[in-house]
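Student: Provided herewith is a single structure, encoded as structure tokens, for subsequent inquiry.
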Amino acid sequence: MLIVEKTEELRGTVNAPPSKSYTHRAVICASLGDGISKIVNPLNSEDCLSSVNGCMSLGAMIDIESDTWIVEGNYNSPKTPDNVIDVKNSGTTLRILTGISSQIPKGYAILTGDESIRRRPMGPLLDALNQLGIEAFSSKMNGTAPVIVKGGKIENNVVRIRGDVSSQFITSLMMTLPFSQEDSEIVLTTPLKSAPYLDITIDVIERFGIKIIKDDEKYGKFLVYGNQRYKSCNYTVEGDYSSASYIIAAGVLINSKIIIKNLFKNSKQGDRRIVDILREMGADIKVKENRIIVEGPYHLEGISIDVKDIPDLVPTIAILGCFARGRTEIYNGEHVRFKECDRLHACAVELRKMGGEIREKPDGLVIEGVGKLKGTKLNTYGDHRLVMAFTVAGLLAEGKTVIEGEESVKVSFPDFISVMRSLGANLVVK
Ligand SMILES: O=C(O)C1=C[C@@H](OP(=O)(O)O)[C@@H](O)[C@H](O)C1
Ligand SMILES: C=C(OP(=O)(O)O)C(=O)O
């Protein structure tokens with residue numbers, strides 16, 4: 001367990017950890033590539049290593065060195081895995097590799113993961129693959145993993161899929177359809193959530209030689225050219241705004257001077273919005289070309305926040321709301337319930353234990369700023385983002401906060417505790 005105590009000051013310069021979303025995509029594209037790729041500054045976290053393992057099962061050779069991964073691709077010919085692919089806790093790996101597995105030459109690929117992953121939705125992606133003539137189904141016939149995918153040729157060239165459950169389904173189709181002989185169209189039947197992640201997908205696959213056209217600005221339709229080949233490429237991963245959001249939030253609420261390096265002003269990451277959200281709440285965060293400077297504390301004002309495109313920021317925003325003056329409203333976040341756990345419910349239940357005033361709505365949270373929280377024991381439901389967000393709450397709370405399940409930070413930010421301690425946070429692992 002992690003013991004968090006009130007912290008009066010945070011100071012120092014740190015590197016943002018490498019982006020999880022970019023690392024997944026870069027290693028998967030490199031694994032399909034036609035030669036050797038180098039991934040520089042990859043995120044060595046458990047989720048990204050799930051993608052590494054899955055890609056190796058599909059025939060890539062990957063040499064893991066601490067700050068570079070050397071990948072020899074399978075030359076656009078994924079092989080039939082020898083064993084089931086265990087993605088552990090990684091939704092991104094499960095979704096993308098389910099699509100890619102349809103391109104094995106014979107037999108079946110079976111993908112599964114931990115208890116949380118086996119509850120997360122897969123139905124719309126399985127249905128989309130079925131529309132393309134691919135046999136793909138849930139072993140329990142309930143739209144969740146384990147999923148079984150038969151290698152086969154893509155036969156149709158229009159696929160219709162809802163956009164409001166997970167953008168990762170669309171990413172998976174975007175990365176799989178280049179294998180089709182024909183050009184394909186992906187048509188969304190409901191408005192897209194988490195749209196910036198598709199821009200990240202397009203950004204990375206283009207670097208590996210794959211072309212996709214966004215047919216309209218509203219993300220309603222995508223054209224994927226057929227008969228394309230992934231090329232090898234050397235790729236450097238930028239820093240992660242979602243992971244940095246915990247450091248930024250702590251810096252804004254506590255007396256601080258923190259410089260976070262390797263975060264780029266023009267990043268395509270949707271979670272870059274944390275800076276604008278905080279500015280709107282009253283904090284003056286400095287954004288340079290490749291780093292962010294936070295000098296707290298600030299008095300924050302509650303605001304209304306549409307989280308349609310930024311689901312991973314919800315736990316961070318929930319904490320900020322508790323310390324802001326007035327009401328903070330989070331809306332358009334139905335999809336936040338389909339993550340490692342139901343994050344809307346978990347934030348409401350756990351922050352109430354600290355004295356927070358939070359009401360759960362079907363699509364979000366209404367948080368009345370109480371200005372202070374009290375330390376207590378918190379459950380994190382095996383969810384890395386809850387550990388990190390609750391740590392920020394604990395740094396401000398009166399008395400000791402005991403966070404259970406802190407080991408889940410290895411999923412996305414393995415050095416979280418040491419980075420926070422290097423800034424002066426009072427954290428002890430027991
Ligand atoms: O594609 C990605 O890298 C991700 C997409 C988002 O999921 P959804 O598209 O399911 O909202 C996000 O929550 C997840 O952490 C990473
Ligand atoms: C939801 C997340 O990731 P994934 O979907 O890859 O499990 C996350 O990192 O918050």
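Student: What number of residues within the stretch 8-43 are surrounded by fewer than 24 Cβ atoms within 10 Å (Cβ to Cβ), more than 24 Å from ILE258 (Cβ to Cβ) and not basic (Lys, Arg)?
Tutor: Number of matching residues: 5.
Student: Another question, if that's okay. Tell me yes or no: at least one residue of the stretch 196-203 is surrounded by 21 or more Cβ atoms within 10 Å (Cβ to Cβ) and among the hydroxyl-bearing types (Ser, Thr, Tyr).
Tutor: Scanning the stretch 196-203 turns up at least one residue that is surrounded by 21 or more Cβ atoms within 10 Å (Cβ to Cβ) and among the hydroxyl-bearing types (Ser, Thr, Tyr).
Student: Moving to a separate point now. Assess whether CYS29 counts as being within 16 Å of ligand 2 (Cβ to nearest atom) and either touching a helix residue (DSSP H, G or I) at 6+ places or on another chain (Cβ under 9 Å) or assigned by TED's automatic domain parsing to the domain that holds ILE259 (or both).
Tutor: Criteria not met by CYS29.
Student: Scan the stretch 101-135 residue by residue and report those that are surrounded by fewer than 23 Cβ atoms within 10 Å (Cβ to Cβ) and within 14 Å of ligand 1 (Cβ to nearest atom).
Tutor: Those that are surrounded by fewer than 23 Cβ atoms within 10 Å (Cβ to Cβ) and within 14 Å of ligand 1 (Cβ to nearest atom): SER116, ARG119, ARG120, PRO121, GLY123, PRO124.
Student: Ok, one more. Do you know which residues across the stretch 204-218 are surrounded by 14 or more Cβ atoms within 10 Å (Cβ to Cβ), out of contact with any Cys (no Cβ under 7 Å at 6 or more places or on another chain) and not aliphatic (A, V, I, L, M)?
Tutor: GLY209, LYS214, ASP215
Student: Can you tell me which residues in the stretch 45-99 are under 15 Å from SER232 (Cβ atoms) and of a type outside the set (A, V, I, L, M, F, W, C)?
Tutor: Those that are under 15 Å from SER232 (Cβ atoms) and of a type outside the set (A, V, I, L, M, F, W, C): GLY59, ASP63, THR68, GLU72, GLY73, ASN74, TYR75, ASN76, SER77.
Student: Can you find even one residue in the stretch 322-329 that is surrounded by 17 or more Cβ atoms within 10 Å (Cβ to Cβ), among the hydrophobic types (A, V, I, L, M, F, W, C) and under 18 Å from the mean Cα position of the chain (by Cα)?
Tutor: No: the stretch 322-329 contains no residue that is surrounded by 17 or more Cβ atoms within 10 Å (Cβ to Cβ), among the hydrophobic types (A, V, I, L, M, F, W, C) and under 18 Å from the mean Cα position of the chain (by Cα).
Student: Report whether or not SER408 is within 16 Å of ligand 2 (Cβ to nearest atom), within 23 Å of the chain's Cα centre (by Cα), crowded, with 24+ Cβ neighbours inside 10 Å and polar (S, T, N, Q).
Tutor: It is false that SER408 is within 16 Å of ligand 2 (Cβ to nearest atom), within 23 Å of the chain's Cα centre (by Cα), crowded, with 24+ Cβ neighbours inside 10 Å and polar (S, T, N, Q).
Student: Still on this structure, please answer the following. Somewhere in the stretch 169-182, is a residue more than 11 Å from ligand 1 (Cβ to nearest atom), under 29 Å from ASN332 (Cα atoms) and over 25 Å from the mean Cα position of the chain (by Cα)?
Tutor: The answer is no, given that none of the residues of the stretch 169-182 is more than 11 Å from ligand 1 (Cβ to nearest atom), under 29 Å from ASN332 (Cα atoms) and over 25 Å from the mean Cα position of the chain (by Cα).
Student: Of all residues in the stretch 217-247, how many are farther than 30 Å from HIS384 by Cβ, of a type outside the set (D, E, K, R) and touching a Phe, Trp or Tyr at 6+ places or on another chain (Cβ under 9 Å)?
Tutor: 4
Student: So which strands (runs of 3 or more DSSP E) are wholly in the stretch 1-109 and hold at least 1 residues that are under 22 Å from VAL409 (Cα atoms), within 22 Å of the chain's Cα centre (by Cα) and among the hydroxyl-bearing types (Ser, Thr, Tyr)?
Tutor: In the stretch 1-109, 68-72 are the strands (runs of 3 or more DSSP E) which contain 1 or more residues that are under 22 Å from VAL409 (Cα atoms), within 22 Å of the chain's Cα centre (by Cα) and among the hydroxyl-bearing types (Ser, Thr, Tyr).
Student: Find the strands (runs of 3 or more DSSP E) located wholly in the stretch 118-218 whose residues include 2 or more that are more than 16 Å from ligand 2 (Cβ to nearest atom) and under 27 Å from TYR22 (Cβ atoms), and list them.
Tutor: Once the strands (runs of 3 or more DSSP E) in the stretch 118-218 are filtered for at least 2 residues that are more than 16 Å from ligand 2 (Cβ to nearest atom) and under 27 Å from TYR22 (Cβ atoms), what remains is 158-161, 184-188, 212-214.
Student: Oh, and also: Taking the stretch 400-426, which residues are out of contact with any Asp or Glu (no Cβ under 8 Å at 6 or more places or on another chain), more than 16 Å from ligand 1 (Cβ to nearest atom) and aliphatic (A, V, I, L, M)?
Tutor: Those that are out of contact with any Asp or Glu (no Cβ under 8 Å at 6 or more places or on another chain), more than 16 Å from ligand 1 (Cβ to nearest atom) and aliphatic (A, V, I, L, M): VAL402, ILE403, VAL419, MET420, LEU423, ALA425.
Student: Please name all residue pairs, on different chains or six or more residues apart, with Cβ atoms under 7 Å, provided the first residue is in the stretch 32-50 and is among the acidic types (Asp, Glu) and the second residue is assigned to a loop (DSSP other than H, G, I, E, B) and away from ligand 1 (no atom under 15 Å from the Cβ).
Tutor: The qualifying pairs are ASP34/GLY73; ASP34/TYR75; ASP34/ASN76; ASP34/ARG229; ASP34/TYR230; ASP34/LYS231; ASP34/SER232.
The values are calculated or read from the model by the stated rules, or taken from the named source; none is laboratory data. Computed from a predicted structure; not experimentally measured. Virtual Cβ from ideal backbone geometry, glycine too; neighbours counted across all protein chains shown.
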